[in-house]
Amino acid sequence: MLGLGGTFCYLIISIFLRNLPLENGYVMKNGMLLGGDFITFYVAGKMYSTDPGHLYDLLRQKEVRTLLLGASSTALKGELPFVYPPLIAVLFSLLAQFSFSDSYICWTVLALSVSFFSFFAVLAHLGRHNFLFLVSAVVVFCGYFPFSMNTILGGQLSWIGFSLVCWIFLMLEWNRPYMAGLLMSLSYYKPPLFLFALIVFVCTQGRDFFIGFCTGAITLITLTILAVDTHGLVAYLRLVSRYTYGQQLFEDVELPPGEGAGIFALLTTFSPDVKTALILFGVLFLIAAFILIRYSREFSVNHWYLWYATVWVASIGLSLQCIRYDLALIFIPLFLIFLSLERIQALWSLLLGSGLLGFYLEWLMRGKEYMGVVLNLSSFLFVYLLMVLLLLTVRMKGRGFHAKR
């Protein structure tokens, strides 16, 4: 794994450096936009500063984006709609005061700083102070494509989710459920990724977690209304409700299942219609939630990490909106599963280990055709890894494990 991480790190850095400097301040030598999706957030920041009433008008977004890029607009690969909550646009309105390249650099420095601080905090808590282990962990982390290439170089927000997974883990470890719930409210930036985990944690972590979440959620909703009033909030909710596979955002534009990295994309592809896919998705969602809530107290200190990791694998895999950069969030869950392999039987270690390796290599098999349709390998990997983890969870019942707290 260390060798793969080092190879991927070199590949990522070389791809980026070979294509600098910029042309026209937006486009790299390979013809791609600097920061990939970052232009979406930059445009949202510009629009919030100048035309907040049309923030969720997708045609207006397209006009502003085209006007801003000018001749560089030919570098756009498809549509890049802004479908995130209003406070994200408020945040980017500050960065949009600078040039595009300077804004991207600031965002990248912030993303790397917070991500590495969060990762090292987890490593420190786990007592992993060995220099060789730390270097190996960092190399493997940097070589994880959904984080380095899709999130950092792609100008995406998933590093926020990655950091939240780290700090929620630490707050629960330190017996601070209120703070864990407060941090969970920051799932505001992309709620579908966190919905499953929220339900499980509310049911298993006590009243303080729920109070903390409600405190943060009420604060964020209040700030949202102050920023864009109720009309802006309704416009956002109306738009995001259509941002699922198989539904049309506007004329001839929809989110294709081939872009999906989770289980719902798989169900949408092979189900006769979206309604059937939603029913199947709901059944899987409820079964997984029941198992993890029912057996949450079957885990000892040695196995609580594995339960926490399973919750997040389920939450991200069973999200209605899971795209390749969202896979950055499962690095810590996968890392915790890796550390747990030595504490479980060899067969289960082999089954889980193959799933971990699969996620590390999934980027090599993206957009491939299976049975006549285009899908991402991660969709199948989620089904496989989640099935193994849930079976292992059920198997632990009655084997003498006790609640950690």
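Taken together, the values in this text are just the output of simple stated rules run on the coordinates, not laboratory data. These numbers come from a predicted model, not from an experiment. Every residue, glycine among them, receives a Cβ derived from its backbone with ideal geometry; neighbour counts consider all protein chains shown.
Taking θ as phi - 60° and the Karplus parameters 6.51, -1.76 and 1.60, the scalar couplings of the stretch 137-149 work out to 4, 5, 4, 5, 4, 5, x, 7, 4, x, 7, 6, 7 Hz in sequence order, x denoting glycine and proline.
Couplings 3J(HN,Hα) of the stretch 33-47, computed from phi: 5, 4, x, x, 6, 4, 4, 4, 6, 5, 5, 4, x, 4, 5 Hz, in residue order, whole Hz [Karplus 6.51 cos²θ - 1.76 cosθ + 1.60, θ = phi - 60°; x for Gly and Pro]. Between the stretch 272-296 and the stretch 69-121, the C-alpha centres lie 34 angstrom from each other. For the stretch 265-380, a/c is not less than 1.5, where a ≥ b ≥ c are the root eigenvalues of the C-alpha gyration tensor, and a/b does not top b/c. That puts it in the oblate class.
Using the Cα centre of the stretch 98-395 as origin and beta-carbon charges of +1 (Lys, Arg) and -1 (Asp, Glu), tell me which of Trp304, Asn130, Gly282 is placed farthest towards the positive end of the dipole. Farthest towards the positive end: Trp304. Cα centroid separation, the stretch 152-174 to the stretch 190-246: 17 Å.
A viscosity of 1.002 mPa s and a temperature of 20 °C, combined with the Kirkwood radius over C-alpha pairs in the Stokes-Einstein formula, give the stretch 70-183 a diffusion coefficient of 131 µm²/s. Rg over Rh for the stretch 135-254 works out to 1.04, using Cα positions for both radii and the Kirkwood form for Rh.
Among Trp159, Trp348, the order by Cβ neighbours within 10 angstrom, fewest to most, reads Trp348, Trp159. Once the C-beta distance of Leu59 and Ser99 is scaled by a Förster radius of 41 Å, the resulting FRET efficiency is 0.95 to the nearest 0.05. Rounded to the nearest angstrom and listed largest first, the equivalent-ellipsoid semi-axes of the chain from its Cα gyration tensor are 34, 24, 22.
Here the residues Thr310, Thr40, Thr108, ranked from fewest to most Cβ neighbours within 10 Å of their Cβ, fall in the order Thr108, Thr40, Thr310. Listed from fewest to most Cβ neighbours within 10 Å, the set Arg324, Arg297 follows the order Arg297, Arg324.
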